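Down below is the structure, laid out as structure tokens.
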Amino acid sequence: AKQITKLSGVYQSPVVSPDGATIAVLKATGGSAVGSDLGAEAAYDLLLVPASGGDGERLRSIPFRGSNSRAPRLQWTADGKRIFWIEDEYPTPRAHEKTVLKSCDRLGHDVRTHLRFDGAQEVRLSPDGRSVAYKHDHQAWLASMPDLGNTTIEADSLPSRKLTDIVGDWLDFSGADVTWSQGDRFYSLPVAGTVVKPAKDAKTPAELPNALERPLTVEVPRFEGKVTIAFVNAHILTMDEAGEIERGTVVVRGRQILAVGANILPPPDAKVIDLHGKTLLPGLIDVHAHLHYASGDVFPEQEWRHLVNLAYGVTTAFDPSASTDLVFGQAELIESGRMAGPRTLSTGFILYGADDTQGAKITSYEDAEKHIKRLMRYGAWGVKSYQQPWRSQRQWIVEAARKLNMLDVPEGGGDLFMNIGMVIDGHSSIEHAIPVAPVYADVKTLWSKSKTTYVPTLLVAYGGVSGEVASYQREKVWLDERLGRFTPPEVLMGRGYRLPLVITDEQEMHHDDVAKDAADLQRMGVTVALGAHGQLNGLGPHWEMWAFTIGNAMTPMEALRAATWSGAEALGFGKDLGSLEAGKLADLVVIDGDPLADIRQSQKVAFTMKDGVLYDAATMHQVWPERKPLGPFFWQRQ
């Protein structure tokens with residue numbers, strides 16, 4: 001491979017012209033930063049770049065498809081005279097979103113709109129121009145394509161064939177076949193012989209006996225510890241029945257905890273690390289982490305948000321709303337050691353009840369089950385029921401998730417009565433604070449009889465001024481050396497230096513009342529877990545933990561329990577994570593101080609261990625099983 005352009009930027013969707021001489025490509029300046037999402041972009045530039053090298057010629061601007069994490073995928077006509085792409089279209093400000101297939105000539109002129117879809121997510125033309133494949137409501141469709149001219153055709157009128165019933169993704173044509181994928185399965189179907197039907201008869205997928213299924217399997221070793229380490233003389237907070245152990249020892253072999261106790265001799269082959277004056281506890285678990293993944297299909301070599309969370313002791317993160325395309329791929333990179341970060345689980349994209357091209361239309365139990373199976377194909381750990389307007393829709397999702405052994409975490413939405421219904425209906429959790437505080441014995445007693453976890457996300461607590469405001473008001477985050485080492489400067493300055501809202505009177509804060517209710521619920525047996533909502537990756541989970549203790553709502557031990565054991569239980573990892581016990585995974589945090597004496601000392605992370613791999617938290621240099629320095633980020637190189 002060789003680099004053929006010199007101008008910096010985010011390049012997407014390169015496609016070679018039929019004669020091999022030119023590359024059509026989209027270029028964005030990068031939003032807030034390379035490796036960040038492109039939400040700040042209004043458009044891409046469409047470039048033609050010589051395959052022999054050069055920075056190319058800008059043809060025109062193409063609007064960024066904000067409803068989709070993917071960049072528009074470009075295509076050439078067979079004669080190489082025109083270039084196709086798709087755009088979102090809103091006929092009027094409040095109209096239903098449409099998707100249009102457009103093209104221009106090699107000068108960027110003669111722009112034509114060829115097809116209009118009722119919210120398609122992908123559109124691909126066959127090489128001979130006689131067929132079009134498109135993705136609508138997450139399913140793959142094949143339609144006959146009329147001759148392209150200067151008129152716009154409504155795609156709903158085309159003779160078509162529904163190809164899938166669970167999901168049809170990454171559509172394309174390979175020779176005479178239409179192809180698509182479902183997670184780790186790849187399908188191809190000869191276009192010839194595939195009967196398309198009049199639009200009114202095409203809604204139900206028929207059997208496709210000629211479709212060929214192939215597994216897509218890549219196996220690599222898991223990145224994990226390979227040595228024996230003994231942490232000695234530590235103040236250990238086990239988070240199980242053993243509680244506190246003074247001057248204790250934890251022995252790790254490979255990726256598992258071998259022994260925990262006060263009178264344990266390190267094995268002869270162990271690397272011994274003396275933790276006198278330091279506290280050892282399980283890795284922190286953020287069960288409502290938003291990592292704001294890069295968009296447009298491109299992964300950074302090292303996502304800074306993953307790294308800064310690991311640097312502050314977060315070893316497991318559950319993101320209940322993320323790009324399906326990106327989150328599971330990055331999670332696999334982390335597990336294989338190609339990227340450093342917490343163990344990352346997700347719902348993928350939400351089961352969105354709004355009228356959206358990526359929405360999840362649910363009118364029956366069967367619809368709910370299909371949507372959950374669709375996300376399971378990608379590796380989802382659960383699903384997020386997001387603003388489904390009918391209670392029956394939410395109940396169908398609950399029942400299907402229970403049948404398929406998946407978490408069902410709903411968007412709380414700041415609606416107390418809806419939240420109570422969610423508890424009664426058996427959702428896995430309530431995400432975000434119930435907006436009314438305080439609540440009384442009726443609500444607390446009802447909740448305590450359920451198995452529904454409470455994730456109050458105090459930094460964005462509904463119903464009043466949130467904890468994020470208080471935290472930014474108290475902390476000069478742009479001066480924090482560790483945050484600055486792993487976070488782009490514009491992110492820290494943009495959020496922390498000029499506050500969007502300042503409340504000087506602490507009595508105006510609302511999240512402290514929410515914290516008191518959460519503490520009461522925890523003591524009544526409700527699993528209350530930490531969720532920092534991605535408001536400030538790294539330090540944010542500690543802010544969330546500290547907020548639990550405001551006004552002595554929770555004790556430091558109760559807050560630490562919410563950040564460790566409760567998160568493991570909420571995610572179904574109680575047998576593997578959340579406490580320091582023999583046989584559990586070696587996810588540990590070493591604090592330079594005692595967070596029981598002062599909860600704010602939790603941020604003084606000296607070492608983080610995930611799966612038996614030990615990092616110096618201040619620098620994120622890998623210490624064991626081998627010494628490996630961390631290279632600079634892009635903003636540090638420029």
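What the table below lists for this structure:
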item	result
Two-decimal log10 I(q)/I(0) for region 399-556, as the Debye equation yields it once each C-alpha is a single scatterer, q = 0.13, 0.14, 0.19, 0.21 Å⁻¹	-0.63, -0.72, -1.13, -1.29
Shape box of region 89-155 [Cα atoms, principal axes, largest first, Å]	33, 26, 17
Whole-angstrom gap from region 561-607 to region 99-124, using each part's C-alpha centre	52 Å
Given charges at beta-carbon only (K, R positive; D, E negative), |dipole| of region 528-638 in Debye	320 debye
Structure-based [θ]222 nm, the chain - -39500 (n - 2.57) summed over DSSP H runs of at least 4, per residue, nearest 500	-5500 deg cm²/dmol
Between helix 391-403 and the chain: long-axis angle, C-alpha atoms, 0 to 90°, nearest 10	70 degrees
Trypsin sites (Lys or Arg not before Pro) restricted to DSSP loop in region 522-598 with at most 16 other C-beta within 10 Å	Lys575
Environment charge of Tyr134, counting only residues whose C-beta is closer than 13 Å and scoring Lys/Arg +1, Asp/Glu -1	0
Label-to-label distance, nm, for residues given as Lys226 and Arg247 (7 Å Cα→Cβ offset)	3.7 nm
Extension gain, Leu404 back to Gln473 (0.36 nm per residue minus Cα-Cα distance, nm)	20.4 nm
Approximate spin-label separation Ala78-Arg391, in nm, with each point projected 7 Å along Cα-to-Cβ	5.8 nm
Cα gyration tensor, region 81-127 - rounded (a/c under 1.5), prolate or oblate	oblate
Anisotropy class of region 389-463 from Cα gyration tensor, a/c 1.5 cut	prolate
Separation of alpha-carbon centers, region 255-313 and region 348-373, rounded to whole Å	35 Å
Total charge dipole magnitude, the chain, about the Cα centre, Cβ charges on Lys, Arg, Asp, Glu only, Debye to nearest 20	1080 debye
Surface share of carbon and sulfur [accessible, 1.4 angstrom probe, percent] for the chain	51 percent
Per residue, in Å², the accessible surface of region 596-638 once ligands and nucleic acids are set aside, probe 1.4 Å	50 Å²
Dimensions (Å) - region 339-382, Cα atoms, principal axes, largest first	41, 20, 11
FRET efficiency, Ala262 to Gln507 (Cβ-Cβ, R0 56 Å, nearest 0.05)	0.80
Proximal charge balance of Lys584 [Cβ under 12 Å; K/R count +1, D/E count -1]	-3
Solvent-accessible heavy-atom area per residue, rounded to whole Å², over region 490-573 at 1.4 Å	38 Å²
Rule-of-thumb Rg ratio for region 583-634 [Cα; 2.2 N^0.38 Å; N residues]	1.29
Rounded to 5, percent antiparallel among DSSP beta bridges of the chain	75 percent
Where only alpha carbons of region 178-315 are counted, the Rg and the Dmax (Å)	26.0, 77
Three-way shape label, region 510-574, alpha-carbon gyration tensor, a/c 1.5	oblate
Projected area, mean over directions - region 223-275, Cα convex hull, nm²	3.7 nm²
Debye, to nearest 20: dipole size of region 421-533, +1 on Lys, Arg Cβ, -1 on Asp, Glu Cβ	320 debye
Spacing of the two label points (7 Å from each Cα toward its C-beta) at Arg58 and Arg130, in nm	4.1 nm
C-alpha long axis of helix 365-376 to longest principal axis of the chain, angle in °	80 degrees
Full-extension gain in nm, Trp635 to Lys451, via 0.36 nm per residue minus C-alpha separation	61.7 nm
Computed FRET value (nearest 0.05) for Glu366 with Arg338, which takes r as the C-beta separation and R₀ as 51 Å	0.85
Total formal charge among the other residues, if their Cβ is under 15 angstrom from that of Gly525, Lys/Arg +1 and Asp/Glu -1	+1
Debye-sum result for region 300-414 in log10 I(q)/I(0), which assumes one identical scatterer on each alpha carbon, at q = 0.10, 0.18, 0.23 Å⁻¹	-0.32, -0.86, -1.18
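The values are calculated or read from the model by the stated rules, or taken from the named source; none is laboratory data. For clarity, every value in this text was computed on a predicted model and none was experimentally measured. Every residue, glycine among them, receives a Cβ derived from its backbone with ideal geometry; neighbour counts consider all protein chains shown. Only protein heavy atoms, including side chains, enter the accessible area calculation; ligands, DNA and RNA are left aside. Shrake-Rupley method; radii C 1.70, N 1.55, O 1.52, S 1.80 Å.
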